[in-house]
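Engineer: Mind having a look at this structure? Questions to follow.
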Amino acid sequence: MPSFLILSLMLAIPMGAAFAEALTEDVPMQPVQVTERLAVVPRPSWEFGGRDEELRAILLSRGSGSLYVWEAPGATSPAAQLRLVLDGWEGEPDVQIVAGPPVSFDAGPGRSGVRATYAGTFPDVGYPVEGQLAVVEASGTIAVFDAWAGEGEFRAIAGDVAAMIRDVRFSP
Amino acid sequence: MTVAPQTTARRAPVAPRWRYQRRLWAPRNAVFWLFAGLVALAGVFTLVDHALFVMSAPAASALSWALLALYIVPVVLVVRALDLYEREPTSLMVAAFVWGATVAIAFSSIANVAWGDVITRLGGVEFSAEWSAAMTAPVIEEIYKYLGVIVIYLIARTEIDDLMDGFVFGALVGLGFSVVEDVYYFMGPFGGDITGVLQGFWVRVIASGLYGHVLYTGLSGIGLAYFVTHRDDRPFARRVLVALSLLLLAMAAHFFWNAPWFWAELPLLVATTLKGMPLLLFVVLAVRLARRREHRWLRVALEREVDRGGVSQAEVDVLADPGRRKALRKATRRAAGKDAERLLSRLHREQINLAMVATRVDDPVAPDLLKQRALCESLRTELHRRSFPPPSTEGSAG
């Protein structure tokens, strides 16, 4: 009898969580406010990694995948902003990257987007990465999405990243 | 129907019945098999994780364990030193550690993640990042560790016969949990390289090692020990209240530690002291009270033996006072040397064992008791001979 009670309690805790997860499955993920005009809706299983008030940015992560999102005030166009970020990286002596050509993509009604893939090494990441830099503009606000993961692992988060870019919320 | 006698424990403490030691091996007890099954299952889970650490970063993994050994050894020594009178069987102490290091941590990590997902869904990722650890771990981890102390009790009920026993087993469950959790942190959030392991050791062991799981489960273990050792002299409701209060206090302290308060605002050492010191002081107080109770018990048990050869009244007075015991050892060392001090230590140990034997048997001339008395007597004679050697007849006259 004591064994049964102990085992029951041990199993009840994760089973209770599974039940609660099933109950909350339809509750939509709550958006994370990046700035007053920009909010990102994380996909399930993504964790909040921190906020940089100065750069007006947030970091989300899942496993070895990360997504850094920030608002670029004063940017003129998505393509120009994309170029600006890539040039900034390429100008840093410790950064070694190879970037693909910028490609426009459908970011949703009333929005324009441009993105480029890249691969290489950054001094603050201890392993080679592959990633995607995407810039989306809506109502005069420009959001930058820098998503990366370890070499060969980006595809595991690509779908989530695309969904978070598609679902990004702009406030006028 | 027999009514449990209302003892006079509050005025004149009654010594517990220190019995022959039980071991972990109890094949006729279903709880033993539950323990064995769960340890095997969770052990595989934990070993696979650690094998991955070893394969991916062998040097950092080895350094993690080497550094944690520096933490494990003194904690075990302190716990053993506190458990002076009736030392718990090594197999049960190891079992408590293993429960914390395998079963408690494996089940907790699964449940923490699952409940963390629920919190994320309801509160959002930012709220979850700040509060999930405070909302899940204190309840989940404290329950799984507490179950370890319950399992040890159910395997060897007679081994938890005073409050200190609950503290000892609880602290060891907490230590096992803490050590394995530290390795996960060193190899995960701290980066899993040599620098990360050293940083992790600084943050989690040097700055925080005095507080944490050892204290939490030690405290809740005292509560469980109170519940099971006061069956005859405290009402059920009061025993439940004490046990539950101490478990909830452990959870509350764990919550306070995990809550985001102060971490960003204060330097690390100030924050850890502020968050951990109140519980440490409380546990030190609880342990002192439990030890004082043990000293009273020892006195009661030994006073029955006074003038029967094994112990004198003066020796009982010294044995029941750790300060006087230490001072006497020191004085003996100064007066008669290191060997005499060792002999005195052994005499004290055997006189404490005499108290244990005396509570085990009802017959004052039981063979075990006679044997133990004779051993104490012979040690005392030998000590006396060494401390006061007969005057030498060679070369001294003159």
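The values are calculated or read from the model by the stated rules, or taken from the named source; none is laboratory data. Note that the structure is a prediction, hence the values are computed from the model and not measured. Heads up, the Cβs are rebuilt from the backbone with ideal geometry, glycines too, and the neighbour counts pull from every protein chain shown.
Engineer: Hey, residue B:133 hits all of (1) among the small types (Gly, Ala, Ser); (2) within 14 Å of another protein chain (Cβ to nearest Cβ); (3) without any contact (Cβ under 8 Å) to a residue 60 or more places away in the chain but one; which does it fall short on?
Structural biologist: Among (1) among the small types (Gly, Ala, Ser); (2) within 14 Å of another protein chain (Cβ to nearest Cβ); (3) without any contact (Cβ under 8 Å) to a residue 60 or more places away in the chain, the lone unmet condition for residue B:133 is (3).
Engineer: Continuing with the same structure: Do we have residue A:27 as more than 10 Å from the chain's Cα centre (by Cα), surrounded by fewer than 16 Cβ atoms within 10 Å (Cβ to Cβ) and either within 11 Å of chain B (Cβ to nearest Cβ) or not acidic (Asp, Glu) (or both) here?
Structural biologist: Numbers: more than 10 Å from the chain's Cα centre (by Cα): yes; surrounded by fewer than 16 Cβ atoms within 10 Å (Cβ to Cβ): yes; either within 11 Å of chain B (Cβ to nearest Cβ) or not acidic (Asp, Glu) (or both): yes.
Judged against the criteria, residue A:27 is a match.
Engineer: Among the residues of the stretch A:43-58, count how many are without any contact (Cβ under 8 Å) to a residue 60 or more places away in the chain, in a loop (DSSP other than H, G, I, E, B) and more than 8 Å from chain B (Cβ to nearest Cβ).
Structural biologist: Going through the stretch A:43-58 one residue at a time, the tally reaches 4.
Engineer: Still on this structure, I have one more. If you go through the stretch B:229-244 one residue at a time, how many are surrounded by fewer than 15 Cβ atoms within 10 Å (Cβ to Cβ) and either not acidic (Asp, Glu) or not assigned by TED's automatic domain parsing to the domain that holds residue B:161 (or both)? Before you say what the answer is, go through the steps one by one.
Structural biologist: Filtering the stretch B:229-244 down to residues surrounded by fewer than 15 Cβ atoms within 10 Å (Cβ to Cβ) leaves B:231-232, B:235-238, B:240, B:244.
If we keep only those that are either not acidic (Asp, Glu) or not assigned by TED's automatic domain parsing to the domain that holds residue B:161 (or both) as well, we get B:231, B:235-238, B:240, B:244.
Of the residues in the stretch B:229-244, 7 are surrounded by fewer than 15 Cβ atoms within 10 Å (Cβ to Cβ) and either not acidic (Asp, Glu) or not assigned by TED's automatic domain parsing to the domain that holds residue B:161 (or both).
Engineer: Residue under question is residue B:169, and the condition is that it be facing chain A (nearest Cβ under 9 Å) and either farther than 18 Å from residue A:62 by Cα or surrounded by fewer than 21 Cβ atoms within 10 Å (Cβ to Cβ) (or both); does it hold?
Structural biologist: Values: facing chain A (nearest Cβ under 9 Å): no; either farther than 18 Å from residue A:62 by Cα or surrounded by fewer than 21 Cβ atoms within 10 Å (Cβ to Cβ) (or both): yes.
For residue B:169, the condition - facing chain A (nearest Cβ under 9 Å) and either farther than 18 Å from residue A:62 by Cα or surrounded by fewer than 21 Cβ atoms within 10 Å (Cβ to Cβ) (or both) - is not met.
Engineer: Based on what the data block shows, is residue A:12 more than 8 Å from every other protein chain (Cβ to nearest Cβ), free of Cβ contacts under 8 Å to residues at least 60 places away in the same chain and surrounded by 13 or more Cβ atoms within 10 Å (Cβ to Cβ)? Explain how you work it out, then say what you get.
Structural biologist: On the way: more than 8 Å from every other protein chain (Cβ to nearest Cβ): yes; free of Cβ contacts under 8 Å to residues at least 60 places away in the same chain: yes; surrounded by 13 or more Cβ atoms within 10 Å (Cβ to Cβ): yes.
Considered against the rule, which asks whether it is more than 8 Å from every other protein chain (Cβ to nearest Cβ), free of Cβ contacts under 8 Å to residues at least 60 places away in the same chain and surrounded by 13 or more Cβ atoms within 10 Å (Cβ to Cβ), residue A:12 comes out as yes.
Engineer: Sort out which residues of the stretch B:303-316 are at pLDDT below 90 and part of a helix (DSSP H, G or I), and write them in order of number.
Structural biologist: Passing the criteria: only B:303.
Engineer: Tell me the residue from B:332, B:359 that is crowded, with 18+ Cβ neighbours inside 10 Å, touching a helix residue (DSSP H, G or I) at 6+ places or on another chain (Cβ under 9 Å), assigned by TED's automatic domain parsing to the domain that holds residue B:378 and within 16 Å of residue B:295 (Cβ to Cβ), please.
Structural biologist: Values: B:332 fails: within 16 Å of residue B:295 (Cβ to Cβ).
That would be B:359, the only listed residue that is crowded, with 18+ Cβ neighbours inside 10 Å, touching a helix residue (DSSP H, G or I) at 6+ places or on another chain (Cβ under 9 Å), assigned by TED's automatic domain parsing to the domain that holds residue B:378 and within 16 Å of residue B:295 (Cβ to Cβ).
Engineer: Follow-up. Specify which of the listed residues (B:219, B:147, B:122) is facing chain A (nearest Cβ under 10 Å) and under 17 Å from the mean Cα position of the chain (by Cα). First the steps, then the outcome.
Structural biologist: Details: B:219 fails: facing chain A (nearest Cβ under 10 Å); B:122 fails: under 17 Å from the mean Cα position of the chain (by Cα).
From the options B:219, B:147, B:122, the qualifying one is B:147.
Engineer: If residue A:123 satisfies every condition in (1) touching a residue at least 40 places away in the same chain (Cβ under 8 Å); (2) farther than 19 Å from residue A:73 by Cβ but one, which is the exception?
Structural biologist: (1)
Engineer: Quick check on this structure: which one of B:168, B:214, B:205, B:173 is over 14 Å from the mean Cα position of the chain (by Cα) and not charged (D, E, K, R)? Spell out the reasoning first.
Structural biologist: Details: B:168 fails: over 14 Å from the mean Cα position of the chain (by Cα); B:214 fails: over 14 Å from the mean Cα position of the chain (by Cα); B:173 fails: over 14 Å from the mean Cα position of the chain (by Cα).
Only one candidate qualifies: B:205.
Engineer: Considering only residues that are buried (at least 17 other Cβ atoms within 10 Å of the Cβ) and more than 22 Å from the chain's Cα centre (by Cα), which ones fall in the stretch B:276-307?
Structural biologist: B:299, B:300, B:301, B:302, B:305
Engineer: Of all residues in the stretch B:251-273, how many are in contact with a Phe, Trp or Tyr (Cβ under 9 Å, 6 or more places away or on another chain) and either touching a residue at least 24 places away in the same chain (Cβ under 8 Å) or not assigned by TED's automatic domain parsing to the domain that holds residue B:211 (or both)? Explain how you work it out, then say what you get.
Structural biologist: Step one: filter the stretch B:251-273 for residues in contact with a Phe, Trp or Tyr (Cβ under 9 Å, 6 or more places away or on another chain), giving B:251, B:253-254, B:257-260, B:268, B:270-273.
Then keep just the ones that are either touching a residue at least 24 places away in the same chain (Cβ under 8 Å) or not assigned by TED's automatic domain parsing to the domain that holds residue B:211 (or both); that gives B:251, B:253-254, B:257-260, B:268, B:272.
Residues flagged as in contact with a Phe, Trp or Tyr (Cβ under 9 Å, 6 or more places away or on another chain) and either touching a residue at least 24 places away in the same chain (Cβ under 8 Å) or not assigned by TED's automatic domain parsing to the domain that holds residue B:211 (or both) within the stretch B:251-273 amount to 9.
Engineer: Give me the pairs, please: first residue somewhere in the stretch A:141-168 and acidic (Asp, Glu), second residue anywhere and outside any helix (DSSP H, G or I), beta-carbon distance under 6 Å, and either six or more positions apart or on two chains.
Structural biologist: A:146/A:68; A:146/A:133; A:151/A:128; A:151/A:130; A:153/A:64; A:160/A:43; A:167/A:41
Engineer: Anything in the stretch B:179-213 that is acidic (Asp, Glu) and either in a loop (DSSP other than H, G, I, E, B) or within 14 Å of another protein chain (Cβ to nearest Cβ) (or both)? List them, or say none. It would help to see each step written out before you state the result.
Structural biologist: Taking the stretch B:179-213 first, the residues acidic (Asp, Glu) are B:181-182, B:193.
If the condition is that a residue be acidic (Asp, Glu) and either in a loop (DSSP other than H, G, I, E, B) or within 14 Å of another protein chain (Cβ to nearest Cβ) (or both), then B:193 is the only one that fits.
Engineer: Which condition number does residue A:78 fail, the rest of (1) within 22 Å of residue A:152 (Cβ to Cβ); (2) over 13 Å from the mean Cα position of the chain (by Cα) being met?
Structural biologist: Exception for residue A:78: condition (1).
Engineer: Here is a follow-up. Test residue B:43 against the criterion of being surrounded by fewer than 21 Cβ atoms within 10 Å (Cβ to Cβ), small (Gly, Ala, Ser) and either within 10 Å of another protein chain (Cβ to nearest Cβ) or without any contact (Cβ under 8 Å) to a residue 40 or more places away in the chain (or both), and give yes or no. Working first, answer last.
Structural biologist: On the way: surrounded by fewer than 21 Cβ atoms within 10 Å (Cβ to Cβ): yes; small (Gly, Ala, Ser): yes; either within 10 Å of another protein chain (Cβ to nearest Cβ) or without any contact (Cβ under 8 Å) to a residue 40 or more places away in the chain (or both): no.
No; evaluated as a whole, the condition is false for this residue.
Quick grid of which residues meet (1) in contact with a Phe, Trp or Tyr (Cβ under 6 Å, 6 or more places away or on another chain); (2) in contact (Cβ under 8 Å) with a residue 60 or more places away in the chain; (3) assigned to a helix (DSSP H, G or I); (4) within 14 Å of chain A (Cβ to nearest Cβ):
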residue	(1), (2), (3), (4)
B:37	no, no, yes, yes
B:53	no, yes, yes, no
B:73	no, no, yes, no
B:94	no, yes, yes, no
B:98	no, yes, yes, no
B:106	yes, yes, yes, yes
B:111	no, no, yes, yes
B:117	no, no, yes, yes
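Engineer: Output the residue which, of all residues in the stretch A:34-93 that are at pLDDT 90 or above and hydroxyl-bearing (Ser, Thr, Tyr), is farthest from residue A:115 (Cα to Cα).
Structural biologist: If we take residues in the stretch A:34-93 being at pLDDT 90 or above and hydroxyl-bearing (Ser, Thr, Tyr), then A:35 is farthest from residue A:115 (Cα to Cα).
Engineer: Those residues that are outside any strand (DSSP E or B), under 29 Å from residue B:124 (Cα atoms) and polar (S, T, N, Q), I need them from the stretch A:59-91; list them, please.
Structural biologist: Within the stretch A:59-91, A:64 is the sole residue that qualifies.
Engineer: Considering only residues that are surrounded by 16 or more Cβ atoms within 10 Å (Cβ to Cβ) and among the charged types (D, E, K, R), which ones fall in the stretch B:308-324?
Structural biologist: B:308, B:315
Engineer: Of the conditions (1) assigned to a helix (DSSP H, G or I); (2) among the charged types (D, E, K, R); (3) within 14 Å of the chain's Cα centre (by Cα), residue B:130 fails just one. Which one is it?
Structural biologist: Result: residue B:130 fails condition (3) only.
Engineer: Considering only the stretch A:30-42, how many residues are at the interface with chain B (Cβ under 7 Å from one of its Cβ atoms) and of a type in the set (Val, Ile, Thr)?
Structural biologist: If we filter the stretch A:30-42 for residues that are at the interface with chain B (Cβ under 7 Å from one of its Cβ atoms), which is where we start, we get A:30, A:32, A:42.
If we keep only those that are of a type in the set (Val, Ile, Thr) as well, we get A:32.
Residues that pass the stated criteria total 1.
Engineer: Determine the pairs where a residue that is free of Cβ contacts under 8 Å to residues at least 24 places away in the same chain, located within the stretch B:213-239, has a partner that is among the aromatic types (Phe, Trp, Tyr) with Cβ atoms under 7 Å apart, the partner being 6 or more residues away or on another chain.
Structural biologist: Note: pairs meeting the criteria are B:239/B:226; B:239/B:227.
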